[in-house]
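To start, the structure under review is shown below, and the notes come after it.
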Amino acid sequence: MMIKKLAIAAAVASLFSVPALADITVGITVSATGPASALGAPQKNTVPLLPTTIAGEKVNYVVLDDATDPTQASKNAKKLVDEYKADIVFGSSTVSNSLAVTEVMVESKTPLMALAPMNLPPEKGHWVFRMPQHNAIMAGAIADDMVTNGVKSIGMIGFADPYGESFMAEMKKAAEAKGIQISVTEKFNRADTSVMGQSVKLVAAKPDAVLIVASGTPSALPHSTLVERGFKGRIYQTHGAIGRDVLRVGGKALEGGIFVSGPIIVGDQLPDSHPLKASIKTYVTAYEEKYGAGSLGPQGGHLWDAYALLAAAVPTAMAKAKPGTPEFRAALRDAIESSKDVVGVHGVFNMSPTDHFGHDERARVLVKVENGAYKLMGKQD
């Protein structure tokens with residue numbers, strides 16, 4: 001009798017530990033803590049804002065923190081796939097962590113909505129869609145502004161990691177296409193507490209401008225050091241560096257800095273005709289009602305956009321298979337790849353077999369830091 005009772009209890013417990021077949025399970029791993037928490041915390045905060053049903057089906061969200069550690073991100077991915085039977089995974093917050101997650105997704109044939117702009121070979125990119133803008137699109141906006149403002153030479157300092165290397169490679173292509181000379185290139189690590197040596201070399205090279213390729217609060221370090229060393233040229237930063245925590249850490253040193261960003265950061269400054277104006281307002285309003293005025297971290301918008309693509313794809317996938325099955329995961333991947341004109345808060349997505357980013361120039365703006373806030377730049381700025 002005791003054995004029978006234990007068996008029944010175990011069976012009941014299993015019903016609560018494994019999602020029902022009809023439920024859609026979304027696994028999420030983000031860097032809610034660690035050096036990239038400025039990116040991951042707003043992504044984690046966005047999850048409670050998401051609808052809990054899609055096309056009449058219940059959605060279960062399983063959120064794990066990888067603490068900005070690629071090894072932990074990989075462990076989280078395996079847990080989401082093996083234990084929670086995730087139909088799709090969102091994550092992670094950095095390129096290095098997202099690359100680690102990708103390996104698990106490819107092996108398990110589970111679609112991944114990466115929250116970092118990583119480049120992948122075709123054989124691995126099949127299951128992976130990227131929510132942030134491709135670095136080439138963002139580098140192109142910076143290069144255009146440099147030409148408009150007479151910049152002939154630039155220096156670069158970036159993370160010694162896949163994000164830094166990828167963006168600097170795209171910037172090199174964009175600069176060469178515009179006839180802009182790259183006079184010096186330096187690197188630093190996310191956990192570094194000083195970049196004085198690199199900054200001295202950058203200032204000594206006397207470029208017209210410097211591009212900082214970093215993300216989260218560590219991006220403020222080279223910016224403030226360059227200002228401290230007396231650099232007077234234009235200082236540019238990438239979309240990875242956007243956020244109120246960066247403004248707080250950088251303080252007055254960031255004044256006049258130019259950042260490329262998704263439109264979400266200046267949604268209230270966009271013209272009413274902008275295609276993202278309404279969607280940005282919806283997200284920002286929901287986020288700030290829950291977390292307070294001025295609390296928005298734009299990187300959370302990438303997770304919001306991942307949901308938008310998922311919601312658009314689910315009805316098509318549901319017509320072919322039930323959630324919780326390999327067939328549904330494959331159908332979901334195919335439906336996401338066919339997404340057209342899905343409006344998010346960072347851009348309008350048009351995916352294809354050869355483009356798993358899906359963005360165009362509507363996904364970028366240039367902003368300047370003025371009085372501790374971001375101001376939308378015009379052509380004459």
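Values in this text are rule-based calculations from the coordinates and carry no lab data. Keep in mind it's a predicted model, so treat the numbers as computed, not measured. With ideal geometry, Cβ positions are generated from the backbone for all residues, glycine too; neighbour counts draw on all protein chains shown.
Once you sort the root eigenvalues of the Cα gyration tensor of segment 125-173 as a ≥ b ≥ c, which label holds: rounded (a/c under 1.5), prolate (a/b larger than b/c) or oblate (the other case)? Can you show the working numbers first?
Values: a/c = 3.46, a/b = 1.71, b/c = 2.03.
Here segment 125-173 falls in the oblate category.
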Using modelled backbone amide H atoms (1.01 Å from N, in-plane), which distant-in-sequence or interchain residues come within less than 5 Å of T185's amide H?
-> M156
Within the chain, what percent of beta bridges assigned by DSSP are antiparallel, to the nearest 5?
-> 30 percent
Hydrodynamic radius of segment 134-245 per Kirkwood, over alpha carbon pairs, in Å | 13.7 Å
Tell me, in nm to one decimal, what length is gained between D360 and A286 on full extension, where the rule is 0.36 nm per residue of separation less the Cα-Cα distance?
-> 24.0 nm
Span per principal axis, largest first, for the Cα atoms of the chain (Å) | 82, 44, 42
Cα-only Debye scattering, segment 166-303: base-10 log of I(q)/I(0) at q = 0.17, 0.22 Å⁻¹ | -0.98, -1.34
³J(HN,Hα) across segment 352-368 via Karplus (A = 6.51, B = -1.76, C = 1.60, θ = phi - 60°), whole Hz, x for Gly/Pro?
-> 7, x, 9, 9, 9, 9, x, 9, 10, 5, 5, 8, 9, 9, 10, 10, 10
Grab the eigenvalues of the alpha-carbon gyration tensor for segment 18-98, scale each by 5, take roots, and send me the semi-axes largest first in whole angstrom.
-> 23, 15, 8
Arranged from highest to lowest average of other beta-carbon atoms within 10 Å per residue, in what order do the peptides 262-271, 276-285 appear?
-> 262-271, 276-285
The chain: most fluctuating residue of P121, P132, P42 per GNM, C-alpha cutoff 10 Å = P121
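Could you give the Stokes-Einstein D for segment 234-372 in µm² per second, using the C-alpha Kirkwood radius, 10 °C, 1.306 mPa s? Walk me through the numbers before you get to the answer.
Numbers: Rh = 16.5 Å.
Translational diffusion coefficient: 96 µm²/s.
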Put a dot 7 Å past each Cα toward the Cβ at K152 and A319; how far apart are the dots in nm?
-> 6.0 nm
With springs connecting C-alpha atoms under 10 Å apart, model the chain as a Gaussian network and identify which of M156, M105, M318 has the largest mean-square fluctuation.
-> M318
Let me know the shape class of segment 114-196, please: from the alpha-carbon gyration tensor, a ≥ b ≥ c as square roots of the eigenvalues, rounded when a/c is under 1.5, otherwise prolate if a/b is greater than b/c, or oblate.
-> oblate
Give me the distance between the Cα centres of segment 179-218 and segment 21-54, rounded to whole Å.
-> 33 Å
Segment 163-208: C-alpha gyration tensor shape, a/c 1.5 cut-off, then a/b vs b/c | oblate
Order the peptides 209-215, 310-316 from the highest to the lowest mean number of other Cβ atoms within 10 Å of their residues.
-> 209-215, 310-316
Collect residues whose amide H, placed 1.01 Å from N in the peptide plane, falls under 5 Å from the amide H of T33; neighbours closer than 5 in sequence don't count.
-> D66, A67, T68
For K178, the aspartates and glutamates lying under 15 Å Cα to Cα, once residues fewer than eight places off in the same chain are dropped, come out as D144, D145, E170, D208
Can you spot the aspartates and glutamates whose alpha carbon is less than 19 Å from K75's alpha carbon? Ignore those fewer than 8 places along the same chain.
-> D65, D66, E83, D87, E103, E107
Just the Kirkwood number for segment 26-69, please: inverse of mean 1/r across all distinct Cα pairs, in Å, one decimal.
-> 11.0 Å
Averaging 1/r across every pair of distinct alpha carbons in segment 222-292 and inverting yields a Kirkwood hydrodynamic radius, in angstrom, of 14.0 Å
Amide H partners (placed H, <5 Å) of V213, local residues excluded | I157, G158, F159
